[in-house]
Each structure stands twice: as C-alpha cells, then as structure tokens.
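Chemist: Attaching a single structure in structure tokens format; questions to follow.
The values are calculated or read from the model by the stated rules, or taken from the named source; none is laboratory data. Quick caveat, the model's predicted, so the values are computed rather than measured. All Cβ positions, even for glycine, are placed from backbone atoms using ideal geometry, and neighbour counts span all protein chains on display.
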Amino acid sequence: MSAPTYDLGKLHGGLRLPAHKAQSTAATVQVVPIPPQLYLPITQHVGEPAQPVVHIGDRVLKGQTIAEPDGEMGAPVHASSSGTVVGIEQWPVSGRYGDRAPCIVIDCDGKDEAMPRTAVADYRSLDPAEVLLRVLDGGIVGLGGAVFPTAQKLMQARTLETEYLILNGVECEPYISCDDSLMRERAGDILSGAQVLMHALRIDVCYVVVESDKPEALQSLGEALGELGDERIVLKQVPTIYPSGGEDQLVQLVTNRQVPSGGLPTDVGCLVQNVGTAAAVHDWIVDNEPLISRITTVTGDGITNPMNVLARIGTPVGDVVEFTGGYADRAEHLFIGGPLTGKSVSTDRVPLVKATNCILAVFKSSFAGRELPCIRCGDCAAVCPVQLLPQQLFWYACADNEQKLREFGLTDCIECGCCDLVCPSHIPLTADFRIAKGRILELADEKARAERARHRFEARNERLEKERQEREAELARQKESAKEAGPAAIAEILKRKKQRSEDD
Ligand code: SF4
Ligand code: SF4
C-alpha cells in the first residue's frame, strides 16, 4: 500500500473554517425510496440542453435514455426508475441558468424495472478512444458541482499531453460530506474508476487527494489501494483549508504547477476529476449503470437528522428531506449546495440533480448583515485564492465596466465566497461577481452567435453568387449554340432566362 504523501505547493489565501460535518457522517449512507414522481431537467450539465426522445404516455425503464445530447457539449439524461412519462414541462429547479427549466416528468410504477443489460466488454480490451465514446453515453458529468460533461473533458485532455490524473477528494466547503462518505464506503469503486480513466487517457500517474481531516476516508482508500496493488495510483493528503478543492488550487497544491489565468489544468499537464465522477465512471463502464443516482448531504440546523443519502436523480428535494426526518421547527432558509457556493431556493419542489452535493436548511442565513460602504481594508484580497482584488472588481461590477472586469481577472474568480466571509462591511461580493460573470458570458455567447450568423449569411451569399454565375455561363453556352439553330431557339432561351430571374 502506498503511504499518503503530503502537499508540494502552497495555496494563496483561503480560510480555515468550522467544518460542521460530523453530524452528517455519523451514520452510513441511507437509501432514499423511489418517489411517486421524478422530475428530470434536460439541462443538468454545462452546454446545450439535451433533447427529449420520449413522449407523454411512453413507458420508460430504469436506465433508458430519455434525452439525447445536442451539440458537442452535451450529456444524455436517463430515466432513474421505471414508469410513464406524464409531462415535459417547465418546473422549478436550482440551476445556474434560472429558476425554472424544462423537465421530463415520470410517474413511477414502483417496479424499478431496468433496461435489459447488454454484456459489456472488459474496458481493458477496448481501444481508449472507444472507452471515451462509451463514457459519453453514460450521462456522466463532473459531480463536484461543475457538471462539465466528463467525456468532453476527457477528449480535450487526450488531445493535449496530459501527465497526471488528479482525483479530487478535497471536499473543503463546510457542511458538505457526500464525497467523504463515498470515499469511506466505496473506495474500491473510486479506484476502479481511476483505472478506467487512466486507460482512456493513456496516463500512468494518478493522485487521489484527500484532506487531512478525513482519516476514515484516507484509511479506506489506503486499504483499497493495498488490495489493488496498482502502483500508478498514489494517495496524497493535503491540509484542510478552504478552497483547496478548487481545480486550479488542487493542481497547485499537488504538483506545484500554476494554471495560467484563463487557462485549464490541462494547460499544465493535469486532468482533475471528482472522486464521485470516478465512481460514476466505474458504475457505467464496469457495471453498465448510467448516472441515475448520487449521494447528497442533507444537513444544517434546520434539518432534524442530518445524514448522507443515496437518492435517484429527479427526486424532489422535499421528499429527500422528509425521508431523513423532516425540517426542524426553526428551518428558515433552504440552499442547494453548500453555504458558500450553494444557491438559495424558495421551494423544495426542486428536484435533486446530478450537481446536487448538498441540501442545506438553516435557521438564519449566516451571511445576513447590513451592507455598509467598502472601507478599503484589503481583507478580501488577502484571502482570495486566485490573488484577485475583490474590492476593485466590486467597484467595476457596480459600474458595469466589462473591459476593466476582464482586465482585473473576473473570469478567473472561482466564486468561493472567501471575500464575503471576511468583509467587515458585509458586501455580497461573490453574488455581484456571479452576476457580472454571467453578463460577460452572455455577451460572449451573443458575440459568438452573431459571428456564426454572419458566417452563415456570407456562405449563403457566396453559394447563390456561384450558382448565378454557373447559370449565366450555361445560358451563354446555350445561346452560342442556338445562334446556329435560328431566332426561334434564341427566343426560347431568353424566355427561360426571364423565367429563372423571376424565380430568384
Ligand atoms: S469569490 Fe472570487 S474574488 Fe472572492 S475570494 Fe473567491 S475567487 Fe477571490
Ligand atoms: S473586505 Fe470589504 S471593506 Fe474590506 S476592502 Fe474588501 S470589500 Fe472593502
């Protein structure tokens, strides 16, 4: 067994925060029953929404593809249990693209009948490119919260010279402990997923990285690694500092390589995948089960019995909370995600989706406080892990100055919320940055759409012009040969030419 090793690089800024995780990790993961209805958003990933391939009234089986990817950046959606499609409609969601989204609604029949399993070839006998294509069909996305389609991320990494696969078990945000439970209970499957990824990418080094405050997870992974005897996989332990689980921060900590501004870990030879994503890859490639469930943490002082649960994707959050024992009397605010990066929601009818790592109900929002003017203390800059100047960004965000926001690196902001936590003036910096980033991305999207439309318009004009010239040439040729045939033939050609002009 490889002994855990320690960090190489140093993280700028960051905070040591109270963990609040003991409550949810006291017991093993509990399985939430299949709900009466599942609500499956067609957008659960970064990229174009998937396109439904079922209709109202269709009977579907567990694991059946119900929406296909559309475009290069896509991921399919699968039915997470058997039943009948009763709606394809707008439903409340907790997503980065709004509060409502089209969902495929399934009335579950309680039979949980699965698609017949086709025999899967041992991935080691397949060409790595074939394994990548198969990952695409499993609906797998980054389960650490980014929900970037995994197959596309792997394909990008394959085109570059990626040296290290880094499995991210650094679950540094307070309250969230779903990855901790996963590492304790399914360490072998995580490592099996790592082996699949290494095969698909032809990588020979994998670091599995865990924080030092997770001794049980470290032990389980160490034991599983000992049984596996794969010396290409190395367990690494890093200090517990928020937000060391950010991709760029993790690369810095583990390899001492700095991801360039605006760049990706693959620019410095690293591919980062969440441990949950590795387990999902194992489930699909080895056990033939697509991504239809996930572990999520249900916690906070507004929850009667905090715990980690395994629930089907599409289960309403209210059903999940009820299963755990319901809300405590004093629950006032509900967040999907952690206290720093999560999103506040006004209803628990929103479904659990691929990105849902935490359901947090709290008595009072710890971030509430009367906002005061910035006093230029600089505390926000001192804790920013990306070495930005949040006070400056805030100024430009208020002024809607897109150019300055870009110059000052807003697009590198990982929305970790550290600046909010230390700001003595209670300025909601991260929320402002999120909105400003959204606007910049929208503008970039609009520009890209306009550019594509311009290309299409120019290509069409070129084609029409070419066709016109070809017709002219053909008519000239016919006219030439008709000169010899006499005036009647010329009149016929001119008549045809006039007719075509009118058609154009
Ligand atoms: S939210 Fe952005 S600006 Fe604030 S500390 Fe985190 S990375 Fe820096
Ligand atoms: S921490 Fe708050 S008050 Fe201090 S400089 Fe930053 S934004 Fe201004």
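Chemist: Run residue 85 past the list (1) touching a residue at least 40 places away in the same chain (Cβ under 8 Å); (2) buried (at least 18 other Cβ atoms within 10 Å of the Cβ) and report the number of the one that doesn't hold.
Modeler: Checking residue 85 against (1) touching a residue at least 40 places away in the same chain (Cβ under 8 Å); (2) buried (at least 18 other Cβ atoms within 10 Å of the Cβ), the one that fails is (1).
Chemist: Assess whether residue 348 counts as being outside the structural domain of residue 143 (by TED's automatic domain parsing), away from ligand 1 (no atom under 16 Å from the Cβ), touching a Gly at 6+ places or on another chain (Cβ under 6 Å) and of a type outside the set (S, T, N, Q).
Modeler: Working: outside the structural domain of residue 143 (by TED's automatic domain parsing): yes; away from ligand 1 (no atom under 16 Å from the Cβ): yes; touching a Gly at 6+ places or on another chain (Cβ under 6 Å): yes; of a type outside the set (S, T, N, Q): yes.
When the stated conditions are applied, residue 348 passes them.
Chemist: Assess whether residue 396 counts as being hydroxyl-bearing (Ser, Thr, Tyr), within 16 Å of ligand 2 (Cβ to nearest atom) and not assigned by TED's automatic domain parsing to the domain that holds residue 144.
Modeler: Judged against the criteria, residue 396 is a match.
Chemist: Still on this structure: Against the conditions (1) within 10 Å of ligand 2 (Cβ to nearest atom); (2) more than 28 Å from the chain's Cα centre (by Cα), where does residue 389 fall short? Just the number, please.
Modeler: The failed condition is (2).
Chemist: Right, another one. If you go through region 143-154 one residue at a time, do you hit one that is touching a residue at least 40 places away in the same chain (Cβ under 8 Å) and more than 17 Å from the chain's Cα centre (by Cα)?
Modeler: Checked region 143-154: no residue is touching a residue at least 40 places away in the same chain (Cβ under 8 Å) and more than 17 Å from the chain's Cα centre (by Cα).
Chemist: Further question: Considering each residue of region 130-152, count those that are in a helix (DSSP H, G or I) and over 15 Å from residue 275 (Cα atoms), and give that number.
Modeler: 10
Chemist: Hey, another quick one. All but one of (1) without any contact (Cβ under 8 Å) to a residue 40 or more places away in the chain; (2) farther than 21 Å from residue 150 by Cβ; (3) crowded, with 20+ Cβ neighbours inside 10 Å hold for residue 67; which doesn't?
Modeler: The single condition residue 67 does not satisfy is (2).
Chemist: Additional query: Output the residues belonging to region 374-386 that are near ligand 2 (Cβ under 8 Å from one of its atoms) and either in contact with a strand residue (DSSP E or B) (Cβ under 8 Å, 6 or more places away or on another chain) or not basic (Lys, Arg) (or both).
Modeler: If we filter region 374-386 for residues that are near ligand 2 (Cβ under 8 Å from one of its atoms), which is where we start, we get 374-381.
Result: 374, 375, 377, 378, 379, 380, 381.
Chemist: Across region 421-463, which residue is modelled with the lowest pLDDT among those that are of a type in the set (Val, Ile, Thr) and part of a helix (DSSP H, G or I)?
Modeler: The extreme case among them is 440.
Chemist: Moving on. Have a look at 224, 194 and point out the one that is modelled with pLDDT of 95 or more, under 20 Å from the mean Cα position of the chain (by Cα), part of a helix (DSSP H, G or I) and within 30 Å of residue 129 (Cα to Cα).
Modeler: Details: 224 fails: under 20 Å from the mean Cα position of the chain (by Cα).
Every option except 194 fails the conditions.
Chemist: Here's another thing I want to ask about it. If you check every pair at least six apart or on different chains, which have Cβ atoms under 7 Å apart with a residue in region 409-420 that is closer than 13 Å to residue 248 by Cβ and at pLDDT 95 or above first and a residue that is among the aromatic types (Phe, Trp, Tyr) and near ligand 1 (Cβ under 6 Å from one of its atoms) second?
Modeler: From region 409-420, the pairs are 413/433.
Chemist: OK, next. Residues being within 16 Å of ligand 1 (Cβ to nearest atom) and loosely packed, with under 14 Cβ neighbours inside 10 Å: count how many of those fall in region 440-463.
Modeler: Within region 440-463, residues that are within 16 Å of ligand 1 (Cβ to nearest atom) and loosely packed, with under 14 Cβ neighbours inside 10 Å number 1.
Chemist: Could you say which residue among 317, 281 is modelled with pLDDT of 95 or more, out of contact with any strand residue (DSSP E or B) (no Cβ under 7 Å at 6 or more places or on another chain), under 27 Å from residue 414 (Cβ atoms) and not basic (Lys, Arg)?
Modeler: 281
Chemist: Of the numbered conditions (1) away from ligand 2 (no atom under 16 Å from the Cβ); (2) within 18 Å of residue 249 (Cβ to Cβ), residue 356 fails exactly one; give the number of that condition.
Modeler: Failing condition for residue 356: (2).
Chemist: Moving on to the next point. Can you pull out the residues in region 227-282 that are among the hydrophobic types (A, V, I, L, M, F, W, C) and either farther than 16 Å from residue 211 by Cα or in a loop (DSSP other than H, G, I, E, B) (or both)?
Modeler: 228, 233, 241, 259, 264, 268, 270, 271, 278, 279, 280, 281
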